[in-house]
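Rule-based calculations on the coordinates, nothing more; no lab input. Computed from a predicted model, the values in this text were never measured in an experiment. Neighbour counts are summed over all protein chains in view; Cβ atoms, including those assigned to glycine, are modelled from backbone coordinates with ideal geometry.
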Amino acid sequence: MLSIRNIVKQYAGHRALDDVSLEVESGQVFGLLGPNGAGKTSLIRIINQITAPDSGEVFFNGEQLNQSHIDRIGYLPEERGLYKKMEIGEQMIYLARLKGLSRDEAQKRLKFWFEKLGMETWWKKKIEELSKGMQQKAQFVATVLHEPDLIILDEPFSGFDPVNAEVIKDEILELNKKGATILFSTHRMESVEELCHSIALINKSHKILDGKVKAIRNSYRNDTYFVEYSGTPLSFDGAEPFQIVGDALVDDERNTIKIKLAEGKTSNDVLQYLIPKTHINMLQEVIPSMHEIFIEKVNANSLSHE
Amino acid sequence: MNKVLLIIQREYLTRVRKKSFIVMTLLVPALFALMYKVIAYVADDKNDVKVTHIVHVVDSAEVYKDKIKDSQYIKFDYSKRSLKDLKAEVKEQENDLVLYIPSYTPDKTQIFAKKKATLSLSDNIERQLNDIKSGTALVKAGIDTAKLHATKSNVTVSATEMTETGDQSTSIGATYALSFAGAILIYMSLFIYGAQVMRGVIEEKTSRIIEVIVSSVKPFQLMMGKIIGVGLVGLTQFVLWISLSALVSYLTGKNAAVASPVYTFIHNLGANAGYELGCFIFYWISGFLLYSALFAAVGSAVDSETETQQFMFPITLPLLFTYILSVSYLFQKPDSPLAVWLSIIPFTAPVAMMVRVPFVVPPWQLGVSMVLMVAGFIFTTWVASRIYRVGILMYGKKVNFKELGKWFFYKE
């Protein structure tokens, strides 16, 4: 769908993107992650042809990115805004027509969306009369009205209350099911595991990690497990096939410990060791969250640059 | 539908539908009409002297006896009373005066009154006294005053231009009026509509819609769409002003009542109306394109209207300079080297050339000026668009001319 190859973008004084390459497969929800100022927005602007890279190439469906692709992309920028004095219905139609829709078609689709999101009564309202959340909802509709193949959302959930954020999330997933590829940037990791198939992590203008979310998380497994058992707290003598990491949680009946397997041992070894000693309620592998991986990678990357 | 056309359509319709546009379109001719009414009222000296003044004349030498005539509001009373008595009496009277003509020096007359006599009143008296004295002197010298009156002439000058299509009579006054009105109209339009372009750009930037728009169209298309849209708004407003002025003057039958610059301009178009109007439209459009591109670049470089000052001044300086020169110097010497140069340099040509057009401009000068005008707006549009494409996405940066220069050289 989208293939970004060796993009370099230099601004006066600093390099926003340094040799960044990405592959976004068709039908995916792709997360572009990174701390503020990492270069996410610069990359998104290049894909939207708002700016051009100094070197490198972008391919859209196998073709070199050009003006004809503009109508196939829908873009919701991080800093959102609409014409304040313009009526919302008229404004949505204008934006859709700029993306190549006819007036009638835009009107028809807009009616559908307004009904779907409970916005029917807004048509004649001016943007300045709407609340911030309502404006965002309207802008989301403007982004997807021309049914783009690629929807680019820069920090889509910022500015939404939890209820509306949920509504928008469901709409994004539905659009994805209908075949649209979604590329969204965020620094909120909760939404990533829930939504994204693949991610790329950008820090200080470099891509430092990319791949499928599940694969990345699995590759970051480090033989750590939670063990919950009942009865008196255990004491260990050093002969066990694991090390204790972190503090043990002691509750009247249930005790929890976090363990890291010793070299060459498996979870079965742990069970065999523990079963004679106590009553096991649960043994669960700890798979690092994207949040943890993000922090770890960004910190390591920052350290190595200093 | 072409995207630039869509943008032009939006820019045009949102502005024309605004209440302020309708109010301005109706109000400006009305305000001018009102202004001229007030001026006409003030200038009319019949409004000045409404009360009857009685002038007591003390003329012991009887130089002017039976010769001073009453007018509508000034009655003369040829009194035998003493100056002292009359002065005491007049002191109590609001509108009465004493005219004292000393017996030995009848040329040095004096007026006594409670309030200082108005100019029209003392003028009237002075004129009468002078006429009487010179009349008496002529008679004394043996000159027949009736014959003398017959020799008085009333010469007027009417200037005639010799052109290839024959001699044409035009009044000098009308030519000046046309020259003056043309310069004012161009000057005002460039400011009013140029500032509208700038405000439009700032609005898109501060509302942050700009990034959505430039993900659909190229910044250059957006800029041109806005400039052309606002330009059409300006032309619409002019057409409405002219039609309204014509309508009002038709209804009231009084031209003076609607004498706005627009009307003055249209009214004074001479036999060369087509040529003069053509020049006006050409310089209006090309001047607008040239300056509004610069205004757009300024709008893109700032975050709010208050920050525009530092850029506005240097940009509008040539215009202001030419305008001030136009109304003071250029239209008296439309063929001077300064006028020729100013009417050729694109930044000053729209105003300076409109001053010269009602007089005779050599075709080659007009040709050079027009070619440079077109080259000029293509150049400013090109420069402005390079600054604009960077500026619209730049926030929270203190910008100066050096910074603008850097933007100009940025790659895509």
query: Can you list the HN-Hα couplings for region A:146-163, worked out from phi with the Karplus curve (6.51, -1.76, 1.60; θ = phi - 60°), rounded to whole Hz and with x for Gly and Pro?
result: 8, 6, x, 6, 10, 10, 10, 10, 9, 6, x, 9, 6, x, 9, 6, x, 5
- request: Note down the magnitude of the dipole of chain A about its Cα centre, charges +1 on Lys and Arg C-beta and -1 on Asp and Glu C-beta and zero elsewhere, to the nearest 20 debye.
  value: 1160 debye
- prompt: If we sort A:228-238, A:197-207 on the protection proxy, mean other Cβ atoms within 10 Å, highest first, what's the order?
  reply: A:197-207, A:228-238
field: 14 Å Cα-Cα reach of B:Lys108 towards aspartates and glutamates, excluding residues that sit fewer than 8 places from it in its own chain
entry: B:Asp59, B:Glu126
message: Just to compare against my own numbers: the Cα pair-distance distribution for region B:48-145, 5 Å bins, whole % per bin, please.
response: 2, 12, 24, 25, 18, 10, 5, 2, 1, 0
- prompt: Just for the protein assembly as shown, what percent of DSSP beta bridges are antiparallel, to the closest 5?
  reply: 65 percent
- request: Express in % the proportion of alpha carbon pairs of region B:260-412 at distances exceeding 28 Å.
  value: 30 percent
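Using only Cα atoms, what Kirkwood radius does region A:222-285 have, in angstroms?
Working: mean 1/r = 0.0850 Å⁻¹.
Kirkwood radius, region A:222-285: 11.8 Å.
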message: Output needed: percent of Cα pairs per 5 Å distance bin for region A:172-306, bins running from 0 to the one holding the longest distance.
response: 2, 8, 15, 16, 13, 11, 12, 9, 8, 4, 1, 0
task: Any chance you could run the full-extension gain for B:Lys397 through B:Ile192? It's 0.36 nm times the residue separation minus the Cα-Cα distance, nm to one decimal.
output: 71.1 nm
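Between B:Lys115 and B:Ile324, what is the FRET efficiency for a Förster distance of 45 Å, r being their Cβ-Cβ separation, to the nearest 0.05? Provide the component values of the computation, followed by the final result.
Values: r = 40 Å, r/R0 = 0.90.
Efficiency, rounded to the nearest 0.05: 0.65.
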- prompt: Could you work out Rg/(2.2 N^0.38 Å) for region A:174-253, with Rg from alpha carbons only?
  reply: 1.72
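Considering every residue in A:91-101, what mean count of other chain Cβ atoms within 10 Å of its Cβ is obtained?
Details: counts 3, 0, 0, 7, 4, 1, 6, 12, 4, 3, 0.
Mean partner shielding for this stretch: 4.
Report, as an integer, the average count of C-beta atoms from other chains found within 10 Å of each Cβ along B:4-14. List each step's numbers first, then the result.
On the way: counts 0, 0, 4, 2, 0, 2, 7, 0, 0, 3, 7.
Rounded to a whole number, the mean comes out at 2.
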query: Residue by residue through region B:288-294, which ³J(HN,Hα) values in whole Hz follow from phi under the Karplus form 6.51 cos²θ - 1.76 cosθ + 1.60 (θ = phi - 60°), with glycine and proline marked x?
result: 5, 4, 5, 7, 5, 4, 5
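Starting with the fewest neighbours, write out A:Arg97, A:Arg221 ranked by other beta-carbon atoms found within 10 Å of each beta-carbon.
Going from least to most buried by this count: A:Arg221, A:Arg97.
By per-residue mean of other Cβ atoms within 10 Å, what is the highest-first order of A:264-277, B:200-213? Don't skip to the end; give the middle numbers.
Values: A:264-277: 13.1, B:200-213: 21.3.
Final packing ranking: B:200-213, A:264-277.
For a footprinting-style exposure proxy, rank A:Ile182, B:Ile344 by other Cβ within 10 Å, fewest first. Walk me through the numbers on the way to the answer.
On the way: A:Ile182 23, B:Ile344 19.
Going from least to most buried by this count: B:Ile344, A:Ile182.
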- request: Would you mind getting me the FRET efficiency between A:Glu57 and B:Tyr410? Use the beta-carbon distance for r and R0 = 25 Å, nearest 0.05.
  value: 0.80
message: Tell me the volume per residue, in Å³, of the convex hull enclosing the alpha carbons of the protein assembly as shown.
response: 304 Å³
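I need A:Phe59, B:Phe180 ordered by Cβ neighbour count within 10 Å, fewest first. Kindly include the intermediate steps, with their values, before the conclusion.
Values: A:Phe59 15, B:Phe180 21.
By the 10 Å Cβ count, ascending, the order reads A:Phe59, B:Phe180.
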query: For A:His197 and A:Phe112 in the same chain, what is the full-extension length gain: residue separation times 0.36 nm, less their Cα-Cα distance, in nm?
result: 27.7 nm
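Enter the mean number of other protein chain beta carbons within 10 Å of the beta carbon of each residue in A:19-28, as an integer.
Details: counts 0, 0, 0, 0, 0, 0, 0, 0, 0, 0.
For peptide A:19-28, the averaged partner shielding equals 0.
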message: At 7 Å along Cα-to-Cβ for each site, give me the label-to-label distance between B:Lys147 and A:Arg221 in nm.
response: 13.7 nm
Rough spin-label spacing in nm, given labels placed 7 Å along Cα→Cβ, for B:Leu31 and A:Thr232: 9.6 nm
field: Simple label model, 7 Å out from Cα along Cβ direction - B:Glu305 to A:Lys212, nm
entry: 5.7 nm
query: Over the Cα atoms of chain A, Rg to Rh with Kirkwood Rh, two decimal places?
result: 1.10
field: Radius, Kirkwood style, for chain B when every pair of distinct Cα atoms is counted (Å)
entry: 26.5 Å
field: Cα-Cα over 21 Å, subset of A:Lys85/A:Lys132; B:Lys226/B:Lys406; B:Lys80/B:Lys115
entry: B:Lys226/B:Lys406; B:Lys80/B:Lys115
